[in-house]
Amino acid sequence: MYKMIVSDLDESLLRDDGSVSPKDIETIHKLRDEGVKFVPNTGRGFASVQPLLATIGTKDLAGQYVISYNGGAIVENKDNRILVQHTLDFDIADQIYRLAMAEGDLCAHVYTFHHVYVANINEPERDYLENRGVDFQQFSAPDLSQFKDQAIAKVIFQHLDFGVRRRFYEKVEDNIKTPLTVTYSSNRYVEFNPDAIDKGKAAIALGEQIGIKKDEIIALGDNSNDLSMLQQVGLGVAVSNGIPAVKHAAGLVLDATNNDDPVTELYEKVFKQA
């Protein structure tokens, strides 16, 4: 029997308007009543998902959790207690940021463990963040010197053209030899995390802390930064709108898109038939 579901948010659990469907909220409550933990496993910071936790009924509860920053932090919801955190070396983050600013058309996000800072924002990105309810602070600087004394979880860069994001990743790869975990997400971001940090390892690490085996974990996702968790846990589940690689990696591909009650379909196909 599965004991934990770790779920991506954008384009997986969340509908296009940034909300969770009423049916899925009801299903998540039902899962919790049945002893199954529902854990957001997201690239976002844990501070920015507090309204979501309130919606699904796990905000500020002991024994309920969030995985943030693509596995960079594991947090117990009660008092936002950080159980595990991994930081991106400041000099590396600064080098990546300066390379991005030299491009001129990339929007940069710098994630500390409590705040999101955004530079060179464009209107599509502003609209997207506001739609998702992300609380962010704008800044403008040629480098990250203002963050020298803060722990940085990750840096990500937005552009709607995948070719631009891909070329920037190649530029970073050519200029920075330190190993990094690099993923694409939401059809708009290229993300840079510390080496060997991913959603899958974090899901398994959380399971180990609370006595849940990896074979007892389900992962729900749609994009390349979800691949690690779909591949490493007991059952990987892809929404219908997932990219081909995610569908190929999944043990179950839902008929539902993120707009069509995916958690409810997952429950009906996996838990009701168990």
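Condition check for residue 232 on (1) open to solvent by 40 Å² or more (accessible area, probe 1.4 Å); (2) at pLDDT below 95; (3) closer than 26 Å to residue 76 by Cβ: one failure, at (2).
Within the span defined as the stretch 4-21, one or more residues are at negative phi, open to solvent by 30 Å² or more (accessible area, probe 1.4 Å) and acidic (Asp, Glu).
Within the stretch 205-213, identify whether any single residue is part of a helix (DSSP H, G or I) and without any contact (Cβ under 8 Å) to a residue 60 or more places away in the chain, and answer yes or no.
Within the stretch 205-213, one or more residues are part of a helix (DSSP H, G or I) and without any contact (Cβ under 8 Å) to a residue 60 or more places away in the chain.
I need the helices (runs of 4 or more DSSP H) fully contained in the stretch 88-190, keeping only those with at least 2 residues that are closer than 24 Å to residue 19 by Cβ and either open to solvent by 70 Å² or more (accessible area, probe 1.4 Å) or at pLDDT 95 or above (or both). Outline the logic, then answer.
Values: elements: 90-103, 123-131, 162-175.
Of the helices (runs of 4 or more DSSP H) lying wholly inside the stretch 88-190, those with at least 2 residues that are closer than 24 Å to residue 19 by Cβ and either open to solvent by 70 Å² or more (accessible area, probe 1.4 Å) or at pLDDT 95 or above (or both) span 123-131.
State whether the residues of the stretch 31-39 include one that is in a loop (DSSP other than H, G, I, E, B), of a type outside the set (D, E, K, R), modelled with pLDDT of 95 or more and under 30 Å from residue 195 (Cα atoms). Looking for residues that are in a loop (DSSP other than H, G, I, E, B), of a type outside the set (D, E, K, R), modelled with pLDDT of 95 or more and under 30 Å from residue 195 (Cα atoms), one finds none in the stretch 31-39, hence no.
Please verify whether residue 202 is outside any strand (DSSP E or B), open to solvent by 40 Å² or more (accessible area, probe 1.4 Å) and closer than 20 Å to residue 231 by Cα, treating the condition exactly as stated. It is false that residue 202 is outside any strand (DSSP E or B), open to solvent by 40 Å² or more (accessible area, probe 1.4 Å) and closer than 20 Å to residue 231 by Cα. Among the residues of the stretch 243-274, the ones that are open to solvent by 20 Å² or more (accessible area, probe 1.4 Å), outside any loop (DSSP other than H, G, I, E, B) and of a type in the set (A, V, I, L, M) come to 5 in all.
Filtering the stretch 214-224 to residues that are buried (at least 19 other Cβ atoms within 10 Å of the Cβ) and either of a type in the set (Gly, Ala, Ser) or free of Cβ contacts under 8 Å to residues at least 24 places away in the same chain (or both) leaves 219, 221.
For the stretch 36-44, indicate whether the set of residues that are open to solvent by less than 70 Å² (accessible area, probe 1.4 Å), hydroxyl-bearing (Ser, Thr, Tyr) and within 17 Å of the chain's Cα centre (by Cα) is non-empty. Checking the stretch 36-44: at least one residue is open to solvent by less than 70 Å² (accessible area, probe 1.4 Å), hydroxyl-bearing (Ser, Thr, Tyr) and within 17 Å of the chain's Cα centre (by Cα). Which of the residues belonging to the stretch 225-259 are touching a Leu at 6+ places or on another chain (Cβ under 8 Å), free of Cβ contacts under 8 Å to residues at least 60 places away in the same chain and of a type outside the set (Gly, Ala, Ser)? 237, 246, 252, 254 - these are the residues of the stretch 225-259 that are touching a Leu at 6+ places or on another chain (Cβ under 8 Å), free of Cβ contacts under 8 Å to residues at least 60 places away in the same chain and of a type outside the set (Gly, Ala, Ser). When residue 28 is tested against (1) part of a helix (DSSP H, G or I); (2) open to solvent by 20 Å² or more (accessible area, probe 1.4 Å); (3) not polar (S, T, N, Q), only condition (2) is not met. Within the stretch 47-69, being in contact (Cβ under 8 Å) with a residue 40 or more places away in the chain and part of a helix (DSSP H, G or I) holds for 47, 48, 49, 51, 52, 69.
Looking at 32, 15, 81, just one residue is in contact (Cβ under 8 Å) with a residue 40 or more places away in the chain and of a type in the set (Lys, Arg), and that residue is 15.
The values are calculated or read from the model by the stated rules, or taken from the named source; none is laboratory data. What you are looking at is a predicted structure, and each value in this text was computed from that prediction instead of being measured. Neighbour counts are summed over all protein chains in view; Cβ atoms, including those assigned to glycine, are modelled from backbone coordinates with ideal geometry. Side chains included, ligands, DNA and RNA excluded: accessible areas come from the protein's heavy atoms. Shrake-Rupley method; radii C 1.70, N 1.55, O 1.52, S 1.80 Å.
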